[in-house]
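For reference, the structure is listed below as structure tokens.
The values are calculated or read from the model by the stated rules, or taken from the named source; none is laboratory data. This structure is a prediction, so every number in the text was calculated from the model and none was measured. Heads up, the Cβs are rebuilt from the backbone with ideal geometry, glycines too, and the neighbour counts pull from every protein chain shown.
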């Protein structure tokens with residue numbers, strides 16, 4: 001799998017949207033990236049590396065090529081935390097792609113959850129009723145969170161009280177992800193090692 005090619009595909013889709021052009025994906029790329037996989041695209045300002053947009057497809061319900069295009073367009077134009085990316089910003093952001101494993105419910109007593117969550121490896125999804133929140137594996141590393149803080153912030157992301165992970169009817173899922181990012185806009189791509 002050529003991650004640089006996937007990042008280029010995401011950039012291509014966003015550039016075509018700026019140009020008002022239809023996005024036409026070559027058939028060989030559709031075939032090469034036909035495996036269903038969850039993926040998130042994160043855009044960060046360069047060189048500051050401030051978050052500029054992050055949206056993805058957490059479940060493996062779409063082919064990787066489609067999930068990459070979709071998440072790139074959504075991160076650029078639909079993240080409600082930010083105004084839509086402007087054309088003049090295009091070469092001032094770096095792309096980050098996170099490839100996700102399917103989420104698995106963590107089935108341990110609630111009080112044991114902090115003991116089984118691995119910072120730097122696990123991403124979390126918290127679900128209670130209609131509310132659902134997801135944080136990628138790199139987020140607690142970037143913020144220096146403990147497993148309890150990771151659980152609390154995932155609850156808050158879901159629009160729930162921060163301690164709702166302790167409730168019996170709350171479901172907690174974990175997944176892992178491989179993170180790749182451009183070193184600079186349009187530059188070399190590196191795998192991010194989460195510590």
Could you say which residue among 22, 48 is more than 21 Å from residue 188 (Cα to Cα), without any contact (Cβ under 8 Å) to a residue 40 or more places away in the chain and surrounded by fewer than 15 Cβ atoms within 10 Å (Cβ to Cβ)?
22
Could you please give the count of residues in the stretch 54-68 that are within 13 Å of the chain's Cα centre (by Cα) and over 19 Å from residue 132 (Cα atoms)?
2
Selection over the stretch 175-193 where residues are part of a loop (DSSP other than H, G, I, E, B) and either under 14 Å from the mean Cα position of the chain (by Cα) or crowded, with 19+ Cβ neighbours inside 10 Å (or both) yields a count of 0
Return the residues of the stretch 65-87 that are surrounded by 17 or more Cβ atoms within 10 Å (Cβ to Cβ), in contact (Cβ under 8 Å) with a residue 60 or more places away in the chain and not in a loop (DSSP other than H, G, I, E, B); say none if nothing qualifies.
68, 69, 71, 72, 73, 76
Determine whether the stretch 51-58 contains at least one residue that is surrounded by fewer than 18 Cβ atoms within 10 Å (Cβ to Cβ), at positive phi and not assigned by TED's automatic domain parsing to the domain that holds residue 171.
no
